[in-house]
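K.L.:
Let me give you the structure first, and then I'll get to my questions.
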Amino acid sequence: MTTISNRLQHILATIQSAQAISKYQQQVKLLAVSKAQSASAVREAFTVGQTSFGENYLQEALDKQAALTDLPIEWHFIGPIQSNKTQPIAQHFSWVHSIDRLKIAQRLNEARPTDLAPLQVCIQVNVSNESSKSGVSPHDLASLATSIVSLPRLKLRGLMAIPAPTHDINQQQAQFKQVRQCYDALLTKGFTLDTLSIGMSDDYTIAIAEGATIVRIGSALFGARPLPNISR
Ligand SMILES: *Cc1c(COP(=O)(O)O)cnc(C)c1O
């Protein structure tokens, strides 16, 4: 029987090998995407060593967090953000990967409790044009980054992207390269960044070759998602 533990070991080994041959020589962190998975599946993954988990839907995440308060989990919010949800997100997560407009960043900044570390954030960039509406266009990226850097309760760490789904390796590579170019352009402008959140179950080795420092993996770790995504 394949367990979460087996799959975790396999993913970590795959990450290791991809990292070993990456020209960027970066450290890669595994973010376990637990959307639509039960609290007990998260607990099982934690028990075998996984400490960072990503969630897309606020209410579902809050319910799971409430069931897992005994575990020192690092929670990442990776889903679309409505402006009326910024307060609980700022209170209940260490990281947010999916900032795509200034209003959301400002609201998260205002709502981040002062007794917590600054919220660690990534800007979501849209490199697949028509196919996805989420994410800032590469053209507007530098100006959004400049505004975010001035917000004291946020710490800008880098970029996140969800390329258009494709099984064409060349196309996956091309999209990751575009994200990488956006990232390099910000570095050239003087931004201090260390995070490139790209790569999911089907394409994380390719993402690592293009410099990913966080891979967000759901189904390859937990198996197919069992619960419908009802708690949006
Ligand atoms: C669901 C999801 C993932 C993980 O997808 P898998 O293909 O199951 O690995 C990663 N990132 C985001 C933003 C997601 O919504």
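K.L.:
Identify, please: which residue in segment 154-180 is in contact (Cβ under 8 Å) with a residue 40 or more places away in the chain and more than 15 Å from the chain's Cα centre (by Cα) and is, among those, nearest to ASP115 (Cα to Cα)?
P.N.:
The qualifying residue nearest to ASP115 (Cα to Cα) is LEU154.
Rundown of residues vs (1) among the charged types (D, E, K, R); (2) in contact with a strand residue (DSSP E or B) (Cβ under 9 Å, 6 or more places away or on another chain), yes/no style:
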site	(1), (2)
ALA164	no, no
ASN170	no, no
TYR183	no, yes
LEU186	no, yes
LYS189	yes, no
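K.L.:
Among (1) at pLDDT 95 or above; (2) out of contact with any Cys (no Cβ under 9 Å at 6 or more places or on another chain); (3) within 16 Å of the ligand (Cβ to nearest atom); (4) on the phi > 0 side of the Ramachandran plot, where does GLY190 come up short?
P.N.:
Exception for GLY190: condition (3).
K.L.:
Please state which of the following conditions SER219 fails to meet, knowing it meets all the rest: (1) touching a Phe, Trp or Tyr at 6+ places or on another chain (Cβ under 9 Å); (2) within 16 Å of the ligand (Cβ to nearest atom).
P.N.:
The single condition SER219 does not satisfy is (1).
K.L.:
To continue, here is another question. Can you name the residue in segment 34-49 that is crowded, with 22+ Cβ neighbours inside 10 Å and outside any helix (DSSP H, G or I) and, of all such residues, is nearest to the chain's Cα centre (by Cα)?
P.N.:
SER34
K.L.:
A further question on this structure: So LEU159 clears everything in (1) more than 21 Å from SER137 (Cβ to Cβ); (2) outside any helix (DSSP H, G or I) except one condition, right? Which one?
P.N.:
(1)
K.L.:
From the list GLY158, GLY211, which residue is more than 22 Å from LYS133 (Cα to Cα) and away from the ligand (no atom under 14 Å from the Cβ)? First the steps, then the outcome.
P.N.:
On the way: GLY158 fails: more than 22 Å from LYS133 (Cα to Cα).
Exactly one of GLY158, GLY211 is more than 22 Å from LYS133 (Cα to Cα) and away from the ligand (no atom under 14 Å from the Cβ), namely GLY211.
K.L.:
Look at GLN37 and say whether it is within 13 Å of the ligand (Cβ to nearest atom), of a type outside the set (Lys, Arg) and over 18 Å from ILE198 (Cβ atoms).
P.N.:
On the way: within 13 Å of the ligand (Cβ to nearest atom): yes; of a type outside the set (Lys, Arg): yes; over 18 Å from ILE198 (Cβ atoms): yes.
So GLN37 fits the description; yes.
K.L.:
Is segment 177-185 home to any residue that is more than 9 Å from the ligand (Cβ to nearest atom), of a type in the set (Asp, Glu) and assigned to a helix (DSSP H, G or I)?
P.N.:
The first filter runs over segment 177-185 and keeps only residues more than 9 Å from the ligand (Cβ to nearest atom), leaving 177-185.
If we keep only those that are of a type in the set (Asp, Glu) as well, we get 184.
Going one step further and asking which of them are assigned to a helix (DSSP H, G or I), we end up with 184.
Yes: one or more hits.
K.L.:
Go through segment 110-156 and report how many residues are part of a loop (DSSP other than H, G, I, E, B) and closer than 21 Å to GLN175 by Cα.
P.N.:
Of all residues in segment 110-156, those part of a loop (DSSP other than H, G, I, E, B) come to 112-118, 126-128, 132-135, 137, 150-153.
Add one more test, that the residue is closer than 21 Å to GLN175 by Cα, and what stays is 126-128, 132-135, 137.
Residues that pass the stated criteria total 8.
K.L.:
Taking segment 55-76 as the search range and keeping residues that are touching a helix residue (DSSP H, G or I) at 6+ places or on another chain (Cβ under 9 Å) and in a strand (DSSP E or B), which one is nearest to the ligand (Cβ to nearest atom)?
P.N.:
Filtering segment 55-76 for residues that are touching a helix residue (DSSP H, G or I) at 6+ places or on another chain (Cβ under 9 Å) and in a strand (DSSP E or B), the one nearest to the ligand (Cβ to nearest atom) comes out as GLU55.
K.L.:
Here is a follow-up. Does any residue of segment 98-120 turn out to be under 25 Å from ILE217 (Cα atoms) and of a type in the set (S, T, N, Q)?
P.N.:
Yes, the conditions are met somewhere in segment 98-120.
K.L.:
Could we say that ALA90 is under 20 Å from PRO118 (Cβ atoms), part of a helix (DSSP H, G or I) and of a type in the set (Gly, Ala, Ser) here? I'd like the intermediate steps shown before the answer.
P.N.:
Working: under 20 Å from PRO118 (Cβ atoms): yes; part of a helix (DSSP H, G or I): yes; of a type in the set (Gly, Ala, Ser): yes.
Answer is yes for this residue.
K.L.:
Considering (1) of a type in the set (Val, Ile, Thr); (2) part of a loop (DSSP other than H, G, I, E, B); (3) closer than 24 Å to ARG101 by Cβ, say which one THR166 fails and leave the rest.
P.N.:
(3)
K.L.:
Hey, among GLU74, GLU110, which residue is acidic (Asp, Glu) and touching a strand residue (DSSP E or B) at 6+ places or on another chain (Cβ under 7 Å)? If you could, list the steps in order and put the result at the bottom.
P.N.:
On the way: GLU110 fails: touching a strand residue (DSSP E or B) at 6+ places or on another chain (Cβ under 7 Å).
Exactly one residue qualifies, and that residue is GLU74.
The values are calculated or read from the model by the stated rules, or taken from the named source; none is laboratory data. Everything numeric in this text was worked out from a predicted model, so none of it was measured. Neighbour counts are summed over all protein chains in view; Cβ atoms, including those assigned to glycine, are modelled from backbone coordinates with ideal geometry.
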